[in-house]
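Bear in mind these aren't lab numbers, they're just calculated from the coordinates by the rules spelled out. Just so it is clear, the structure is predicted and the values come from calculations on it, not from any experiment. Quick reminder, even Gly has a Cβ in these numbers, built from the backbone with ideal geometry, and neighbours come from all protein chains shown.
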Amino acid sequence: MSKLEIIIVPDPVLKETAYAVDRVDDAVRTQMDNMLETMYEAPGIGLAANQVNMLNRVLVIDITRRAEEEGEPNPICMANPEVIWESEQFSVMEEGCLSIPQQYAEVQRPAIVRVKYLDYEGKEVELEADGLLSHCVQHEIDHLNGVLFVDYLSSLKRNMILRKVEKLKKQEVL
Ligand code: NI
């Protein structure tokens, strides 16, 4: 496994729409392994292909490794994820993003979603997600469509966050 470089805003690859994979082969599995390693090391709870400069519809999630909470790892690898149902109820949660480091904001999303995807073995599976996992899955699928969590905020708030990241970059904190 090898660690990948995480792309930070502003970068055009984060605005691109990723393309569907034909199937989950060894190359895609290696990519998933490398993305998981990169995500755990960051540390983060989700990572999408765009964020490591790849443009296929692949993402990884593990919400058990949140902050200092140390749980048993429970990695979820998805290829070609698709929301097939969403609840009418909404949920508001604070989100962050490895591509927008150290910035957080509340984002409103459908509270529960059902997602269809190809797993690590290439098998088609469905997952119903609520709470943090629901936000995380929707956030990562957004990445594959070139959408960032700051795109849900007012332009004032969004620009403020992007300027802060720019400043961190200049200070070489990142
Ligand atoms: Ni993100």
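Using only side-chain charges placed at the Cβ, +1 for Lys and Arg and -1 for Asp and Glu, the dipole size of segment 1-152 relative to its Cα centre rounds to 300 debye.
Sequentially through segment 107-115, phi angles give Karplus couplings (6.51, -1.76, 1.60; θ = phi - 60°) of 10, 9, 9, x, 5, 10, 10, 10, 10 Hz, Gly and Pro residues having no value and appearing as x.
Legend: distances between Cα atoms for LYS15/LYS157; LYS3/LYS169; LYS15/LYS164; LYS116/LYS164; LYS15/LYS116; pairs beyond 28 Å are LYS116/LYS164.
Of VAL165, TYR120, VAL83, which is farthest towards the positive pole of the chain's charge dipole, taken about the Cα centre with +1 and -1 on the beta-carbons of Lys, Arg and Asp, Glu respectively? Checking the options against the dipole of the chain, the answer is VAL165. In terms of its alpha-carbon gyration tensor, segment 63-132 comes out oblate; a/c meets the 1.5 threshold, while b/c is at least as large as a/b. Given DSSP loops and a limit of at most 14 other Cβ atoms within 10 Å, what is the longest stretch of the chain that contains no such GluC sites (Glu not before Pro)? Longest site-free region, per DSSP loop and neighbour criteria: 6-67.
Expressed in units of 2.2 N^0.38 Å, where N is the residue count, the Cα radius of gyration of the chain is 0.99.
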